[in-house]
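To start, the structure itself, in structure tokens.
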Amino acid sequence: MLAAYEHLLKITLALSGERDIARLYEQIIEAAQELTHSDGGTLYIVDERDGHAVLRFEVLRNDTFSIRLGGTSGTPVPFAPIGLFLPDGTPNLSNICAYVYHHRHPVNIADAYSEDRFDLSGTRAFDQKWGYRSQSLLTLPLANHEGSIIGVLQLINAKNPADGTVLPFDPALEPIVGALASSAAITLENQQLLQGHRNLLDAFIKAIAQAIDAKSPHTSGHCQRVPVLTEMLAEAACEAKDGPLRNFTLNDDEWYELRVAAWLHDCGKLATPDSLLDKSTKLHSLCDRIEGIKTRFAALIAQTQLRHVRQGNSDPAALEAEIAALRDDCAFLERANLGSEFMHAEDQARVRRIAGYRWIDHTGATQPLLTEHEVELLCIERGTLSNAERDRVNDHINVPIQMLESLPFPRELARVPEYAGGHHERVGGKGYPRGLTREQMSWPARMMAIADIFEALTARDRPYKAPMKLSQALSILNKMA
């Protein structure tokens with residue numbers, strides 16, 4: 001018996017270190033079979049179906065037929081769950097597993113075919129189908145640290161290790177298997193709680209990403225596409241057989257860490273004004289101020305016509321030429337307002353020349369056609385953001401670093417701030433916010449930076465540019481490398 005307790009201790013330690021719930025289910029069955037020399041077993045987990053408490057088949061084992069169902073087998077147990085209560089709400093006490101759930105103590109049956117306390121028709125149907133003889137049964141509750149029953153363990157046909165004959169389960173083993181069941185229940189509940197917390201964290205993170213994407217129709221989907229692209233790069237890196245990534249690999253925790261970072265990489269955009277996220281033209285704020293400039297042009301054209309009349313100018317061709325030039329200048333500003341990959345110096349000079357035009361406002365005062373701020377915006381060389389606005393947008397990368405570094409991430413998620421905060425760094429040291437070089441960036445951080453740039457280049461929902469072809473995007477990435 002001492003050997004059995006020593007074996008129990010060894011098994012309990014092994015169970016406590018298992019983090020995969022499906023594998024933990026299997027280990028509970030395997031450990032119980034090993035302790036009792038039983039031929040098979042079933043693990044049931046308490047669940048809720050359509051508002052009713054049931055015992056769900058989780059793992060089923062039978063060594064005689066090499067049956068392996070549930071757990072990590074990939075084949076679910078094809079049996080309906082066991083109802084714990086009858087339709088009238090009273091406890092189901094005819095089924096042995098439901099009985100053990102309600103009475104909270106083991107039931108040891110020497111011969112299933114001599115038992116008349118419980119309905120064992122399911123056991124007999126299995127026997128008839130498989131040509132089997134279920135004889136001894138040991139059914140135990142799995143109670144967590146609060147004493148709640150979270151599952152039931154049933155073992156079938158204890159065997160004599162010497163000759164394989166079926167024996168009743170030794171009552172002396174009941175407390176040992178009961179201790180195993182209790183330990184397994186607590187371990188299982190801990191893993192379920194951890195998985196529940198992880199599921200909650202995942203849902204919360206994705207809700208943040210969806211909120212960021214919802215802030216702007218022009219970047220909708222970005223926060224959801226970057227994690228996919230990042231994982232694709234990481235998978236390819238893990239499969240590399242040669243080159244600098246030949247030894248690169250990620251375990252389960254590292255995969256999860258990368259996934260969390262990818263989903264949170266743009267959380268700082270929650271602090272970025274919508275007017276900047278949605279800035280589809282250079283003059284766009286709450287509205288596109290190009291309309292105000294077009295109105296001034298209309299007023300200037302009318303004032304030009306009036307001036308010609310007052311001066312008695314009888315040359316209509318000269319008037320038409322002057323008006324056509326003003327309309328061409330207005331059309332040029334409309335094009336300049338859209339933004340592009342590059343604005344030439346001569347176009348910037350033309351903006352400044354147009355700014356020198358004068359018009360008379362509603363008070364009779366003479367005003368420049370363009371304000372200094374409008375000139376600054378219309379002369380933006382690339383895209384639609386001024387340097388000050390770009391700094392404000394770029395600050396979205398400082399916000400998540402500050403946010404994420406202030407969070408008490410567990411050890412397995414400790415590098416989330418590094419990965420999420422590095423997606424605008426560049427291996428040459430010209431990125432931001434920290435100007436990191438290749439040697440200062442981890443492989444996962446580089447992957448996220450590549451995914452972020454690639455998505456931005458190929459996105460179809462940006463108002464200031466058309467999506468690039470793959471060949472163009474890859475050419476740019478190659479040059480940046």
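Would you mind working out the accessible area per residue for the chain, using a 1.4 Å probe, and quoting it in Å²?
Spelled out: the 1.4 Å probe surface of the chain, per residue, equals 52 Å².
Lys/Arg Cβ at +1, Asp/Glu Cβ at -1, dipole of segment 90-246 taken about the Cα centre: which of Q135, H197, A162 is farthest positive-ward?
H197
Using alpha carbons only, how many degrees (0 to 90, rounded to 10) separate the axis of helix 290-310 from the longest principal axis of the chain?
10
State, to one decimal in nm, how far the label point of N387 lies from the label point of Q224, with both points 7 Å from Cα in the Cβ direction.
That separation, rounded to one decimal, is 3.9 nm.
On a C-alpha basis, how far is the centre of segment 312-335 from the centre of segment 113-146 in Å? Whole number, if you could?
96
Apply the Karplus curve 6.51 cos²θ - 1.76 cosθ + 1.60, θ = phi - 60°, to the phi angles in segment 237-242 and return the couplings in whole Hz, x for Gly and Pro.
5, 5, 8, 5, 9, 8
Which value, in debye to the nearest 20, gives the size of the charge dipole of segment 98-162 about its Cα centre, when Lys and Arg are +1 and Asp and Glu are -1 at the Cβ?
In total the dipole reaches around 160 debye.
Normalised by the residues of the chain, what does the relative contact order come to in percent, with Cα pairs under 8 Å and at least six apart?
Once normalised by length, the contact order is 11 percent.
On C-alpha positions alone, give me the angle between the axis of helix 21-36 and the longest principal axis of the chain, in degrees, nearest 10.
The angle comes out at about 10 degrees.
What size of dipole, in debye to the nearest 20, comes out for segment 16-116 about its Cα centre when the only charges are +1 on Lys and Arg C-beta atoms and -1 on Asp and Glu C-beta atoms?
Computed about the Cα centre, the dipole is about 240 debye.
Sum -39500 (n - 2.57) across every DSSP H segment of at least 4 residues in the chain, then divide by the residue count to get the 222 nm mean residue ellipticity, nearest 500.
When only DSSP H runs of four or more count, the value is -16000 deg cm²/dmol.
Across the chain, how many lysine pairs, 8 or more positions apart or on different chains, have C-alpha atoms separated by under 16 Å? Please give the number.
The number of close lysine pairs in the chain is 10.
Highest mean first, what order results for 31-39, 197-205 on Cβ atoms within 10 Å?
31-39, 197-205
Carbon and sulfur together cover what percent of the accessible area of segment 104-195 at a 1.4 Å probe radius?
On segment 104-195, the fraction of accessible area on carbon and sulfur atoms equals 53 percent.
Report relative contact order for segment 133-184 in percent, whole number only (criteria: Cα-Cα under 8 Å, sequence separation at least 6).
37
If you put +1 on each Lys and Arg Cβ and -1 on each Asp and Glu Cβ, how big is the dipole of the chain around its Cα centre, in Debye rounded to 20?
Rounded to the nearest 20 debye, it is 1760 debye.
How high is the relative contact order of segment 93-191? Use alpha-carbon pairs under 8 Å, at least six apart in sequence, and give a whole percent.
Worked out over segment 93-191, it gives 27 percent.
Please state, rounded to one decimal and in Å, the Kirkwood hydrodynamic radius that the chain gives when every pair of distinct Cα atoms enters the mean of 1/r.
28.8
So for each of 106-113, 449-456, 342-349 I average, over its residues, the number of other beta carbons within 10 Å; can you give me the resulting order with the highest mean first?
So the order, starting with the most tightly packed, is 449-456, 106-113, 342-349.
What FRET efficiency would be calculated for the residue pair A80, E412, taking the C-beta separation as r and a Förster radius of 35 Å, to the nearest 0.05?
0.40
Counting Lys +1, Arg +1, Asp -1, Glu -1, what net charge surrounds V228 among other residues with beta carbon under 11 Å of its beta carbon?
-1
The values are calculated or read from the model by the stated rules, or taken from the named source; none is laboratory data. Given the structure is predicted, the values throughout are model-derived calculations rather than measurements. Neighbour counts run over all protein chains shown; Cβ positions are idealised from the backbone, glycine included. Quick note on the areas: whole protein, heavy atoms, side chains included, nothing else; ligands and nucleic acids left out. Shrake-Rupley method; radii C 1.70, N 1.55, O 1.52, S 1.80 Å.
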